[in-house]
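The values are calculated or read from the model by the stated rules, or taken from the named source; none is laboratory data. Note that the structure is predicted; figures quoted are calculated from it, not measured. Quick reminder, even Gly has a Cβ in these numbers, built from the backbone with ideal geometry, and neighbours come from all protein chains shown. Surface accessibility is based on the protein's heavy atoms, side chains included, excluding ligands, DNA and RNA. Shrake-Rupley method; radii C 1.70, N 1.55, O 1.52, S 1.80 Å.
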Amino acid sequence: MSDADEPRVAGFRANQLEGFRIGVTSDRRSEDLIDAFERRGASVLHAPTLRITNAQQDDPIIADTREIIARRPDVLLASTGYGIRRWFEVADAAGIGDALTDSLSGSHILVRGPKARGGIRAAGLNDAGMSEVETTASLVTKALEELEPGRTIAVQVHGYTDEEQLDRLRARHTVLTVAPYRWAMVGADNERVKRLLDATCARQLDALTFTSAPSVDALFVAAEALGALDDLVGALQTDVLAAAVGPVTAAPLLAVGVRPIQPERYRMGALIRLVCEYLETEGVHRVPTRHGELSLRGQLVEIQGVRTLLPPTSLALLRQLAATPGTVLSRTELARALPGIQDDHAMEVALSRLRRSLGTPGLIATVVKRGYRLDV
């Protein structure tokens with residue numbers, strides 16, 4: 001994805017996300033997200049929770065395709081651009097691509113969104129309409145509203161088959177399906193997923209992005225297996241921004257009380273823009289102090305014109321102190337803010353490192369026999 005492909009953002013610049021750390025859970029097109037965030041200065045932690053898997057052999061796809069060719073369906077419902085392209089690639093490789101195009105040339109084709117429309121047109125076909133919103137439920141509703149009962153409908157299903165929606169169609173029509181690809185869940189034993197969960201639960205990420213509802217479900221399943229589901233949900237409800245590409249992706253987050261940000265247009269470019277704008281406006285914590293303004297943006301702290309990237313323990317301490325500027329926090333309270341199991345001694349060591357990193361004597365004041373506070 002080039003800059004020209006992304007929406008124009010006022011003040012877009014290379015250091016727009018400097019200091020922020022963003023988690024990416026998607027597999028397909030993850031390179032686009034990662035590249036867009038990194039070019040704007042962010043640090044990215046990538047751990048796909050689902051992977052697109054093509055069949056080890058394409059025999060089931062070819063068998064379904066031969067049946068669709070033979071039945072010459074009245075209607076085709078196209079779900080995804082990638083799925084349509086892969087379907088025709090498999091058909092071409094099997095020598096039945098022309099027959100598939102011919103069989104569908106007289107079909108009433110409905111598409112789930114612009115990408116599916118692009119896949120249909122790339123195959124040399126034209127659609128008759130698009131669902132109101134880019135969801136399977138909306139596409140099925142459109143078909144049920146427009147079609148007389150008793151039609152033969154071919155459905156290109158995407159990686160996560162929505163049986164509930166297929167049953168709605170089956171109640172009134174004959175339904176044929178083809179699944180050019182599937183999503184395979186990445187388990188809790190995957191080291192990248194473990195690192196993503198650890199970083200999220202420890203509040204070491206500023207944002208976590210999701211581009212499909214099954215990827216959210218897969219992360220929750222992995223977290224539950226590791227005994228970290230409550231910590232994950234708690235982090236996403238408070239300190240780690242959840243960003244979803246659209247309402248379908250957001251649904252499983254909302255179901256557990258996480259309120260993600262969503263772009264108005266359900267596109268990756270719009271998601272990138274929204275994350276950038278939100279972190280720039282809402283993700284920067286500024287605290288006036290007696291030593292000048294302290295600015296904390298992700299892992300980056302700035303005081304008296306000096307900018308420093310902080311390690312996780314120092315960052316956790318500073319965030320705790322900055323959350324209630326001027327309030328005295330005890331050693332025990334500060335120790336609880338550190339990642340992992342910590343004690344007062346570990347906190348003292350981490351605080352000493354933080355003071356050295358900040359390089360501003362007196363910014364973190366010691367209150368004898370009570371604790372520490374920011375000198376505001």
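Miscellaneous remarks
- Residues that are touching a residue at least 40 places away in the same chain (Cβ under 8 Å) number at least 2 in the following strands (runs of 3 or more DSSP E) confined to segment 53-158: 75-78, 152-156.
- Ile84 at pLDDT below 95, surrounded by 17 or more Cβ atoms within 10 Å (Cβ to Cβ) and of a type in the set (A, V, I, L, M, F, W, C): yes
- Residue in segment 278-287 that is open to solvent by less than 30 Å² (accessible area, probe 1.4 Å) and among the aromatic types (Phe, Trp, Tyr) present: no
- Identity of the residue in segment 264-301, free of Cβ contacts under 8 Å to residues at least 24 places away in the same chain and touching a Pro at 6+ places or on another chain (Cβ under 9 Å), that ends up nearest to Ala202 (Cα to Cα): Arg267
- Of all residues making up segment 187-205, the number that are open to solvent by 20 Å² or more (accessible area, probe 1.4 Å) and either within 11 Å of Thr25 (Cβ to Cβ) or not hydrophobic (A, V, I, L, M, F, W, C) (or both): 10
- For segment 237-257, the set of residues classified as under 23 Å from Ser30 (Cα atoms) and in contact with a helix residue (DSSP H, G or I) (Cβ under 7 Å, 6 or more places away or on another chain) consists of Val240, Leu241, Ala242, Ala243, Ala244, Val245, Val248, Thr249, Ala251, Pro252, Leu253, listed by residue number.
- In summary, helices (runs of 4 or more DSSP H) completely within segment 175-256 and bearing 3 or more residues that are under 13 Å from the mean Cα position of the chain (by Cα) occur at 213-225, 247-254.
- Selection within segment 2-43 - of a type in the set (Lys, Arg), in a loop (DSSP other than H, G, I, E, B) and at pLDDT 70 or above: Arg28, Arg29, Arg39, Arg40
- Listed conditions (1) crowded, with 17+ Cβ neighbours inside 10 Å; (2) in a loop (DSSP other than H, G, I, E, B); (3) modelled with pLDDT of 90 or more are all met by Arg259, apart from (1).
- Within the set His108, His173, the sole residue that is open to solvent by 50 Å² or more (accessible area, probe 1.4 Å) and either of a type in the set (Lys, Arg) or modelled with pLDDT of 95 or more (or both) turns out to be His108.
- Selection count, segment 111-136, where residues are of a type in the set (A, V, I, L, M), surrounded by 15 or more Cβ atoms within 10 Å (Cβ to Cβ) and out of contact with any strand residue (DSSP E or B) (no Cβ under 8 Å at 6 or more places or on another chain): 2
- If you filter segment 292-333 down to residues that are under 24 Å from Tyr278 (Cα atoms) and of a type in the set (Asp, Glu), you find that the one that is farthest from the chain's Cα centre (by Cα) is Glu293.
- Every residue from segment 144-170 that is surrounded by 14 or more Cβ atoms within 10 Å (Cβ to Cβ), more than 17 Å from Asp27 (Cα to Cα) and not hydrophobic (A, V, I, L, M, F, W, C): Arg151, Thr152, Gln156, Thr161, Asp162, Gln165, Arg168
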